[in-house]
Structures are given as C-alpha cells and as structure tokens.
Amino acid sequence: MTIPPVPYAIDPDNAATVSAEEQQFNDLIAADSRIEPRDWMPDGYRKTLIRQISQHAHSEIIGMQPEGNWITRAPSLKRKAILLAKVQDEAGHGLYLYSAAQTLGISRDLMTEQLIAGKARYSSIFNYPSPTWADMGAIGWLVDGAAICNQVPLCRASYGPYGRAMVRICKEESFHQRQGFEILLELMNGTPAQREMAQDSVNRWYWPALQMFGPPDDDSPNSAQSMAWNIKRFSNDDLRQRFVGMLVPQAEVLGVTLPDPDLRWNEEKGAYDMGEIDWTEFHEVLAGRGPANARRLQRRRDAHDEGQWVREAAAAYAAKQAVKAVA
Amino acid sequence: MSDTIEQDAHGHVDTIQLSAELVEAASVASHDVAEYALWLGDDSLVLAQNLGWWISRAPELEEDIALGNIALDLIGHARSLLHYAGAESGRTEDDLAYWRDEPQWRSAHLFEQPNGDFAHTIARQFIAAHYLFELYSALMQSTDATLAAIAAKAVKEVDYHRDHSIQWVLRLALGTEESRRRMITGLSDLWPFVEELFVDEPLIDRLEGAAVRPSSLRGAVEAAMFPVLAEAELDVPRGFISSGGGRRGDHSENLGPMLAELQVLARAHPGAKW
C-alpha cells in the first residue's frame, strides 16, 4: 500500500522557534511513540483528537438506535441475546471513547450537550433506517466491517488512550461483524422471502458503507495533517479499496450481489475497480437531510431530558452521602 | 449453523449460548415440572423483553449498559428454562417463545407491568430481583437436577440485579424531592403485584421437593426488602392487591401487545430459520 507524501508536523525552516517541549513532541511522533495525556501537545493535535474521538463516541451512541430498533422483535431468543449484547457493547465503546476524549480536557457533559444540540457530528451511516431484520445482518457485515477497516489502524494511533481504547473496541467489532455475516448467511440459506430481505438490505447499505471511509483523498483536507501526526495511518481511498477487496469473496460465500455493476477485478492494478460513489447523497445526509437524522437526535435528546431528574437524584444522593461520611 | 458463537474477547458470550452441561444433563422433565419451568421461564423472558426497551433510552450511558446486562442475564435464564420446559412436548425454546398465544403463557403480572418512568422500572426490578433471588436460592436444593443447576447459575446473576435495584431505590428515594415523589409512586403502582408471587397453585402440591412453594418465600423476600425500604424512608405500600392469575393464563392487559411485538417477525415467516 502506498502512502502519499505528507507534510512535516512543523516547518523545519522555523526550527529555531520550536520550544523544548514541542521538540519532545516532534521527537515522539518521529519515533512513532505514544503521546500520553500529561505530555505537551500542539493545540491542533488536541483539537483534532477531541473532534475525532468525540465523533467516534457519538457514532457508537447514535449507532445503538438502528439495531436497538429490533431487540424487541428479534426472531429467535438466541438472536435477541446476541443483538442485546451487541448494542450493549456499543454503549460500552461510547463510554471508553468519551473517557479517552476526557483525558484531552473536554467533559462528557459538554460532548453530550454538543451532540444533542446537533452541533457535533457522528457517522452519517446511522442516519439510515433499519426497516427489516436483514438490516441487523447488513449493519454487522457492512457497517461494522467498514468500521473495522477504519479502526484497526487506529489501534496504533499516536495518542495513547485512543489507541488503547481502539484495541479493545476492535476485538468486539470483529465479533459484531461475524454475527452480521451469520445473520445474512442464515437468511440466504432460508426461504425466498428471507433471501429477498437479505439482498434488499445489502442493496441499501452497500454504498453508505463505502462512504464511511470519508471523501476521496483529493477532497479530504484534514487527512494529511492527521497522517503527519500518526493519528491516521492510511488514506480514505486506500482503506475503501481494502474493504471492497475483503467484501467480494465474502459476498460470494453469502450468495448476495454487491449493487455495483462496475465492480470488477483489475489484473493490472491488482485490485477491484468500482463505480462512482454518490458524494452528493453523502453531503446531503451530512448536512442533516438524510432519512433519519431528526429521529436519531430526537431519541438522544428525549433520553437525556427524561433522564435529567434521575441524574439529579443520583448527584444529590451522592452529595448527601459524602456529607454523612464527613460527619 | 452452530448454536455457539465463540469469542474470547467478548464478555457476554456465556450468556448467549445455552450452557452445554445444562443441555446434556437435562433429563426430560415430567409434564408438571415442564409446566413449572414455564412459569419461571416466562417470568424471566417477559421481564427481559420489557427491559430491552431501555437500551438507547436510559438516563445515562452506564444504565443503558446495566439494564442491558440484566436483560441479557434474564434471557439466558429464560432460554435454559424454556429449553427444559419444551423437551417434554418436543418443542424448542423458540416454539414456546414465539408460537404460544397469550392464554398459554404463565408469567406473573408483576413482570408484565410496563416500564413506566425509571422509578417504575426500578420498583419492578426491586421486587422482581428480591423474589428471584430467594426463589433461586431455594431452588438450588430442588430434587430436580436440571432446575437445581439452572438455579445455581441464575442466583449469582440475580444477586447483582438485586444490588443494582437497591442502590437505585436509595438514590431515588433519598435524592431530590422529585425523585422521591416518583419512587413513592412507582413503588405503590407496582406493589399490588407482589401478592401473586406468593400464591400456591395446585401444581405446587404435585411437585413437592422439585418446585419451591411460593408461599414459603414470603418471609425471606420481605425480610430482605423491608430494611431497604426503611433505610430509604419509604413506607411499605398499602392498598390495592391484584388478584393475579398469570399462572393459570389470565394476564394483565400488557402481555398481549408485548407478545404481538415479540412474535411479529417469527410469525410472519412460519418454518423459517434465523
């Protein structure tokens, strides 16, 4: 895999203005070592990480909804248990990631406020609805599959708490992807109605899953700096290519058709050619005009508002207990 | 497909699969034992179905996880119990969960009560977990080896559920004025359904030694709950007592809509595997 040339984190011509602590940061990055919460770091590095980690955390939390939608209707008790465990894992991932972001000096309350005020982003994919059971399969196989491709390199992200959170998350995500694949496999081995349900779902999730890797490299303004800081390791297009290469043989095992008529092996390139991604749709959904944006945020806001009295009670009780302990 | 999903990194896997030793150890239950296992399995499944709604709606992230965990434990208990209950008539856990109509369910009304606000859910959890803890503690001595084994596994998990509910009863009752008001309302709305848990149906007379006599649990359940209520400065509610009837197939109005949702997909595809 080729990595495009990246700019230096600092301008070497201005090296004289570099402070000792900044030099230490640059040395750690150059040595591919980890930056820890107490280390000095440039504001841009801190802001980039806060944005990325909190967006990731929000994605886990909002991502609970499309699957949570099917917990009460799961068609067997085993599937119900697995789905419940999976959605619960996502809440756990949200927690680790909020904690990792907190080490950079932002509070969970503030991140939550940003989310429910609609000021923070989360992965656009969760603004699509999950109308059928097969969506539990396609979300696991395609959405979690894309997430794994994105996230495995993040285990080596230069910021320690983020990289370590990602190690744990990736282990669980691989379980999630496998259960999604299994759901689709069972459907594809099932009745004609089940097979139709599975193919329809793959048709709906395939392109949005490819969009999860972000805009093409020549239209991804923050990528180069993130790569220079060893936060990002591979470009959006490289990861997307890797993902498609992984999907094609799995689709064959499943017997589903990937909905891209231009998808074919390119011997010369040693990789798949694929059709054009509809970036207009991507930007529309990102701008809040997707099928379920309002619904997803409203659910989050309702849970937050309706839970206010519970959080207040817990805080008041803890304060009273603390007074008692002192007395 | 195998009924087992192996994944070391995943903490919940043991609750997802039926415990192998239970499946193998299970002799086929007699008709009466099967009916009793249905009582217990239905209670857990109905409660889990209610609790599953909270995920992505809880007051804080930690509670999404905690309530999800409790629901997951309860589904595990329900699966073991329904698996055992069904063997006698050649039915699977899913046959029982998805293809019985309301009058064939055996859940007690407490478990069927709606989630309400968080205080109602906690009140229901408080009563349910105390009851289940004493039930499974006693059932570990059952002459029926399968029921005893299921109880031994379940009691440890239900002990945690009990602790979770106690912490919240204290926080809500002693937190703010509003939380106290809601906790009192929740407790008094759920209390009418306590009585049914201690009713001895004729089935129990035929299962001496194998089943736990419900009336025998009252002392221990009350002895565990009342001091918590006292610490929370809550009175034991007095007033309505629901006549119950769940063990005979007479249910609250909540069960029908719940089953409609639980069963809708499975019933739309008779004979399908998932």
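The values are calculated or read from the model by the stated rules, or taken from the named source; none is laboratory data. Not measured: the values here are computed from a predicted model. Cβ: placed from backbone, ideal geometry, glycine included. Neighbour counts: every protein chain shown. Note: accessible area is taken over every heavy atom of the protein model, side chains too, but ligands, DNA and RNA are not part of it. Shrake-Rupley method; radii C 1.70, N 1.55, O 1.52, S 1.80 Å.
Miscellaneous remarks
- Sites listed here are GluC sites (Glu not before Pro) in the stretch A:256-323 whose DSSP assignment is loop and whose Cβ has at most 14 other Cβ atoms within 10 Å: A:267, A:268, A:276.
- Cα-Cα over 24 Å, subset of A:80/A:232; A:86/A:119; A:80/B:273: A:80/A:232; A:86/A:119
- Trypsin sites (Lys or Arg not before Pro) restricted to the stretch A:57-129 and DSSP loop, no more than 11 other C-beta within 10 Å: A:119
- Taken over the stretch A:17-76, the ratio of Cα radius of gyration to 2.2 N^0.38 Å equals 1.87.
- When you filter the trypsin sites (Lys or Arg not before Pro) in the stretch A:269-306 for DSSP loop state and at most 16 other Cβ atoms inside 10 Å of their Cβ, you are left with A:269.
- If R0 equals 45 Å, the separation of the Cβ atoms of residue B:31 and residue B:223 corresponds to a calculated FRET efficiency of about 0.85.
- Separation of the residue A:311 and residue A:156 label points, Cα + 7 Å toward Cβ, nm: 3.8 nm
- Expected 222 nm ellipticity per residue - DSSP helices of 4 or more, -39500 (n - 2.57), all of chain A, to 500: -19500 deg cm²/dmol
- A P(r) calculated from all alpha carbon pairs of the stretch B:27-268, with 10 Å bins opening at zero, reads 8, 33, 38, 17, 3, 0 percent.
- In summary, the convex hull built on the alpha carbon positions of the protein assembly as shown has an orientation-averaged projected area of 30.9 nm².
- q = 0.15, 0.25 Å⁻¹, the stretch B:115-163: log10 I(q)/I(0) [Debye, one scatterer per Cα]: -0.42, -0.80
- The stretch B:49-106: translational diffusion in µm²/s, Stokes-Einstein, Kirkwood Rh over Cα pairs, 10 °C, 1.306 mPa s: 124 µm²/s
- Gained length - residue B:92 relative to residue B:250, 0.36 nm times residue gap less alpha-carbon distance: 54.5 nm
- Heavy-atom accessible surface that A and B bury in contact, both chains counted, 1.4 Å, Å² to 100: 5000 Å²
- Label-point separation in nm, residue A:280 to residue B:163, each point 7 Å along Cα→Cβ: 5.8 nm
- Largest first, the extents of the alpha carbon coordinates of chain A on the three principal axes equal 66, 64, 33 Å.
- Annotation: amide H of residue A:272 within the under-5 Å range of A:266, sequence separation 5 or more or interchain, hydrogens built in the peptide plane.
- Once the C-beta distance of residue A:325 and residue A:33 is scaled by a Förster radius of 45 Å, the resulting FRET efficiency is 0.60 to the nearest 0.05.
- Using θ = phi - 60° and Karplus 6.51 cos²θ - 1.76 cosθ + 1.60, couplings along the stretch B:30-41 (whole Hz; Gly, Pro as x): 5, 4, 5, 5, 4, 5, 5, 4, 5, 3, 6, x
- Value of Rg/Rh across the stretch B:79-123 [Cα atoms, Kirkwood radius]: 1.12
- All-pairs alpha carbon distance profile, the stretch B:75-177, 10 Å steps from 0, percent: 14, 36, 35, 13, 3, 0
- In plain terms, the C-alpha convex hull of the stretch A:64-216 casts an average shadow of 9.7 nm² when viewed from every direction.
- Over the stretch B:222-274, all Cα pairs binned in 5 Å intervals from 0 give whole-percent P(r) values of 4, 13, 12, 11, 12, 13, 12, 7, 6, 7, 2, listed from short to long.
- Under-5 Å amide H pairs with residue A:159, H placed in peptide plane, nonlocal only: A:35
- Accessible area expressed per residue, the stretch A:93-214, with surrounding protein chains retained (probe 1.4 Å, Å²): 32 Å²
- Order of exposure, largest accessible area first, which applies to B:184, A:61 with probe 1.4 Å: B:184, A:61
- Karplus-based coupling profile of the stretch A:81-89, in residue order and whole Hz: 5, 5, 5, 4, 5, 5, 5, 5, 4, with θ = phi - 60° in 6.51 cos²θ - 1.76 cosθ + 1.60 and x standing for Gly or Pro.
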